[in-house]
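Reviewing the structure listed below.
The values are calculated or read from the model by the stated rules, or taken from the named source; none is laboratory data. Predicted, not measured: the structure shown is a model, and the values here were computed from it. No Cβ is skipped: glycine too gets one built from the backbone with ideal geometry, and neighbour counts run over all protein chains shown. These area figures cover heavy atoms from the full protein model, side chains too; ligands, DNA and RNA do not enter into them. Shrake-Rupley method; radii C 1.70, N 1.55, O 1.52, S 1.80 Å.
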Amino acid sequence: MTIRGAGAGVPETSESVEDAILMRAVARGETEPFAVLVRRHGSRLYRIALRMTGDGSEAEDIVQECFTRLWQAAPGWQPRGAGLAGWLCRVTMNLCRDRHRRLRIVADGAIPERADDQPLADRQIELVEAQQALLRALADLPERYRGALVLCYYEGLSNVMAADILDLSVKALESLLVRARKQLRTLLEREQYRIRHVRTEVGEEAA
Amino acid sequence: MIEQQTRPDRDPDDDSDLIAALAALPRPEAPPALLARIVQSVEPPAGAAAAPPLRPAQRLARGATWGAVAAGLALGLILLLGRQAPPPSAAPPPGAQVAAQQLPAAGAAQAPLGKTETARSARLAAAGPVTSRAAAGRTGPEGQAPLISMDRPASPPAVAEAETVPTVQRGAEPEAATPVPQPVLAQPAVDEAMPRLVEAPSFGPAPAPRPTASQRPPMGFRPAGN
C-alpha cells in the first residue's frame, strides 16, 4: 500500500502489481486468487466501512457487497489510478454513502469490549472516553469530511490516493482536510465539555 | 490524550494532536467468518461440472415436453400405418359389398385391385359389343368417355358410388351380353339412416270439426237450459 505523502501520480507498488496479476486470474474464474485479495484488502475495507457507518454489521455487509462487485467486475477490470486498492476503497465509500442515505449513523462499539469484569484503571477509562468522544464527533461530521479524515488519517492513505478515491483533486482534498479538522475539533471540544460536565455531576452526587 | 492536546494555548494551525488521535483509534480486523463467507460466496459448488438439479417446475416442463414428443410420434406412426395399409377388419363401402356379392367367385380371387377407370375400361372391353340400351348409354362413341343418354334415368348416387369403388376386379363380368345389374341395395341403407317422421300419438277420437260461421248460433242466442 502506498504511504501518505506520495507524489503527483499514484505510484505502482509491488502489491498493486500483484493485485493486477491476481485480478487476471480472478477474471478467469479462479477462486484462490480471489481469496488472496479478500484476505489482503478485507480488513482495511472493513475498518473504513466501520468508521464511515459506525455499525459493525453494516460494515460487514458493505465489505461483502464490495467483494461481490469485485468478482463480477473482474473480467472487465483494468488497472488504473489508485489500482485495485483504490478501486475497492472507492466502491466501499460509495456503498457507505448509499447506506448513509437510508440509515442514521450510530457510533457504536468500536471500542474493544472488556476482556473480563475487572474494573478498568482510570487511565483506561479516560482513553476509552476520549475515543468514544472522538468517534461521536467523527460520526457527526458531514460525510465528505468524515471520508477524507478516515482515508487520510485513520487509514493513512496518501493524499493522491485519497483524492483519487474521493474523486477530487489533491488541492481540493487538502482544503477539505483543513475544514474537516476544524469542524472535528469544534465537535470534539463540545463532546469533552459534555464529558467534563457529566463527571462533575457524578462527583458531586458521590460527595 | 485528546483532552490534553485540545488545550486553549495550543497552536491553532497545529492539528497533529487530532491526527494522532485519529490514527490511534482502534483498528479492528475483519472477522474471519466474514472473509470466509465472502470467499465461499463465489466458490463454485462441489460438482459444478454436473448439471444443477432441476427445480420442480423445470422437471415438470421437461417431462411435458418429452410426453408431447412421444405422443406426436405415436400419432404420426398411427396415421402413417393407417394410410399405407388399411386394417383388414375395416368394412368396405356398401357398394363394394354389393359388387362382390353379384360377381362370380371363379377367377375373382386372382384378380388384382385396380383403379376406377382402369377397372371400368377393362370391364367394358370384356363385355364385348354393346347390345343393351342401358349399356349403350353408358358408353360413348369410339370408346370415349361414357355418355349418359337423356332417356335413361340417371343412376342413383348409391349406384354411382358402387361403380367407382376401387375394389372392382378385372374379368369378373359373368356374361358379356348381360347388362350390369344396377344394385339398389345402397338406397335402403341411406333410407334407414334418414330420420323418419313419427306420427303424432292419438289421444282418442278426433274432435268434431268446428262449425262454420253459418252453422254457429247468432250472437246473444243462448240455448235453453244453460
Practice problem: Mind listing whichever residues of region B:59-83 are at pLDDT below 85, open to solvent by less than 60 Å² (accessible area, probe 1.4 Å) and within 21 Å of the chain's Cα centre (by Cα)? | Solution: B:GLY67, B:GLY82
Practice problem: Of the conditions (1) modelled with pLDDT under 85; (2) under 26 Å from A:HIS100 (Cβ atoms), A:LEU127 clears all except one; give me its number. | Solution: (2)
Quiz prompt | Residue that is modelled with the lowest pLDDT, among those in region B:6-30 that are more than 7 Å from chain A (Cβ to nearest Cβ) and surrounded by 12 or more Cβ atoms within 10 Å (Cβ to Cβ) | solution = B:ARG10
Self-check item: Qualifying positions in region A:31-64 - farther than 28 Å from A:GLN132 by Cβ and open to solvent by 20 Å² or more (accessible area, probe 1.4 Å)
Solution: A:THR31, A:GLU32, A:VAL36, A:ARG39, A:ARG40
Quiz prompt | In region A:130-176, residue farthest from A:VAL91 (Cα to Cα) [restricted to those that are out of contact with any Lys or Arg (no Cβ under 9 Å at 6 or more places or on another chain) and facing another protein chain (nearest Cβ under 10 Å)] | solution = A:ALA130
Practice problem: Working only within region A:69-101, note down all residues that are open to solvent by less than 40 Å² (accessible area, probe 1.4 Å), of a type outside the set (A, V, I, L, M, F, W, C) and under 16 Å from the mean Cα position of the chain (by Cα). | Solution: A:GLY86, A:THR92
Quiz item: Which residues, counting only those in region A:51-71, are out of contact with any helix residue (DSSP H, G or I) (no Cβ under 8 Å at 6 or more places or on another chain) and at pLDDT below 90?
Solution: A:ASP55
